[in-house]
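Below is one structure, written out as structure tokens; comments come after it.
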Amino acid sequence: MEEPKQDVISALRQKEEELESYRNRSALRQKEEELKSFKDRMAADLTSSIETGDTENMSNTVSQTRLKKMYDKLKLQHWPKVKDCLKANNGSSQTARAVIQKWFQEAAKQMEKRKEQINEVFGLTQDNKEPTHQKVREYRQLTVQNLQLALYHSGREHNQISLPQYDGQYPQDVVDIFRSLVSECYQLGCLMALNHPPLIPDWQNHVPGMDSWDIFPQEITPVELI
């Protein structure tokens, strides 16, 4: 009687091992399918982001998140020091605001021209009615992104900022300090304009409040693409 009993126990154990092995293989197949599905989704998202420029790569030095941090640093750290210097020399908050806003707008205008030139190179003009290959649009967007990176690494010292409202009206060191800030505004404005979608300080909804020197809007907002 003992031997048949052992055979039954052995058979049960074998069945349990086979069942466990089957479960493991099924679980493995399920994990492999989930991994493949995830990779497919990521590949599709990456392709879409290359086409549109919407990808938010945190290692990218000019990602939208980084641009917002640059703007906050400009507004909260750099501007207060320059503001105090201007106020100490009887500067005008209205004039300072007009100059800063002008150079942000000038940056957007210049970058729009650059993008139009890039579009012409890739044949993406309004006059071209032929369908455009997907790869052409991808390479066009990569070109804009490379231009954005090139401007970031070139530094603001290459920007020729003219301040006729200040030259000769204030001590040279005050003019130089303000010119440095405006140059930084211009460079950041260029980087924001090359983002997808382009970004601008929210001048329209900015209310200075009690402090007329509260020049910079709280937020930067995307420009509606037409």
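Mind checking whether some residue in the range 142-154 is out of contact with any strand residue (DSSP E or B) (no Cβ under 7 Å at 6 or more places or on another chain), under 30 Å from ASP211 (Cα atoms) and surrounded by fewer than 18 Cβ atoms within 10 Å (Cβ to Cβ)? No; the residues of the range 142-154 include none that is out of contact with any strand residue (DSSP E or B) (no Cβ under 7 Å at 6 or more places or on another chain), under 30 Å from ASP211 (Cα atoms) and surrounded by fewer than 18 Cβ atoms within 10 Å (Cβ to Cβ).
Criterion first (in contact (Cβ under 8 Å) with a residue 40 or more places away in the chain and either surrounded by fewer than 19 Cβ atoms within 10 Å (Cβ to Cβ) or in a helix (DSSP H, G or I) (or both)) does THR61 satisfy it? The answer is yes for THR61. Selection of the range 186-217 for residues being over 27 Å from VAL144 (Cβ atoms) and loosely packed, with under 13 Cβ neighbours inside 10 Å yields ASN205, VAL207, GLY209, MET210, ASP211, SER212.
Scanning the range 72-83 for residues that are more than 14 Å from ASP176 (Cα to Cα) and loosely packed, with under 14 Cβ neighbours inside 10 Å returns LYS73, LEU76, GLN77, PRO80.
Answer with yes or no whether GLN110 is out of contact with any helix residue (DSSP H, G or I) (no Cβ under 6 Å at 6 or more places or on another chain) and farther than 16 Å from VAL62 by Cβ. The answer is yes for GLN110.
The rows are residues; the columns are (1) within 18 Å of PHE104 (Cα to Cα); (2) touching a residue at least 40 places away in the same chain (Cβ under 8 Å); (3) part of a loop (DSSP other than H, G, I, E, B).
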| position | (1), (2), (3) |
| --- | --- |
| THR143 | no, no, no |
| ASN146 | no, no, no |
| SER162 | yes, no, yes |
| GLY168 | no, no, yes |
| VAL182 | yes, yes, no |
| LEU188 | yes, yes, no |
| HIS196 | yes, yes, yes |
| HIS206 | yes, no, yes |
| ASP211 | no, no, yes |
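Here, each number is a calculation from the coordinates, and none is a lab measurement. For clarity, every value in this text was computed on a predicted model and none was experimentally measured. Virtual Cβ from ideal backbone geometry, glycine too; neighbours counted across all protein chains shown.
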